[in-house]
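Remarks on the structure that follows.
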Amino acid sequence: QVQLVESGGGLVQTGGSLRLSCAASGGTFSTKAMGWFRQAPGKERESVAHINWNGRSTYYANSMKGRFTISRDNAKNTVYLEMNSLKPEDTAVYYCAADTDSYSLYPLVTYDYWGQGTQVTVSS
């Protein structure tokens, strides 16, 4: 059993920054692929960024590339999403996800565990 808890969301103005955190417990964090997704009202869930078990491989959606950075600290069982130059279209609920025990990177993994999400609102 793995539990994921997101934090760090909030309200920020256009051009601002936020750092989201996802704390994992109950599993071997360092051996799991993890990722971030988001879902805005009226839209389908969207892939944001992903990272492999040791943090050496990452994958970003094109709209996030250059603005968002995913990282992890396995000693703290935590994955981060640093978001810079935020835009109103970044407004969404952000979810983190993890697989059970994979050395692959998204989309070559199936995420087994999901957090409850954290709201990010970017005002215009």
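The values are calculated or read from the model by the stated rules, or taken from the named source; none is laboratory data. Since this is a predicted model, take the numbers as computed values, not measurements. Neighbour counts are summed over all protein chains in view; Cβ atoms, including those assigned to glycine, are modelled from backbone coordinates with ideal geometry. Ligands, DNA and RNA are stripped out before the accessible areas are found, and what is left, the full protein with its side chains, is counted by its heavy atoms. Shrake-Rupley method; radii C 1.70, N 1.55, O 1.52, S 1.80 Å.
A few comments on the model shown:
- Kirkwood-based shape ratio for the stretch 57-124, expressed as Rg/Rh from alpha carbons: 0.97
- Those residues of the stretch 71-91 whose amide nitrogen sits under 20 Å from the label point placed on T58, 7 Å along Cα→Cβ: 71-87, 90-91
- Principal semi-axes in Å for the chain [√(5λ), Cα gyration tensor, largest first]: 23, 14, 13
- Cα→Cβ-extended label distance, 7 Å offset, between W114 and Q39, nm: 0.5
- Accessible surface of the stretch 42-124, 1.4 Å probe, proportion on carbon and sulfur as whole %: 43
- Taking label points 7 Å from Cα along the Cα-to-Cβ direction, R19 and D73 give a separation of 0.7 nm.
- Net charge dipole size for the chain [Lys, Arg +1 and Asp, Glu -1 on Cβ; Debye, nearest 20]: 240
- Those residues of the stretch 79-99 whose amide nitrogen sits under 18 Å from the label point placed on S124, 7 Å along Cα→Cβ: 85-93
- For the stretch 64-124, accessible area per residue (1.4 Å probe, heavy atoms of protein chains only), Å²: 50
- Ordering of 91-98, 114-121 by packing [mean C-beta count within 10 Å, highest first]: 91-98, 114-121
- Length-normalised contact order for the chain - Cα pairs under 8 Å, 6+ apart - percent: 36
- Converting phi to 3J(HN,Hα) with the Karplus coefficients 6.51, -1.76 and 1.60 and the offset θ = phi - 60°, the stretch 64-71 yields 9, 4, x, 10, 10, 9, 9, 8 Hz in sequence order, with x at every glycine or proline.
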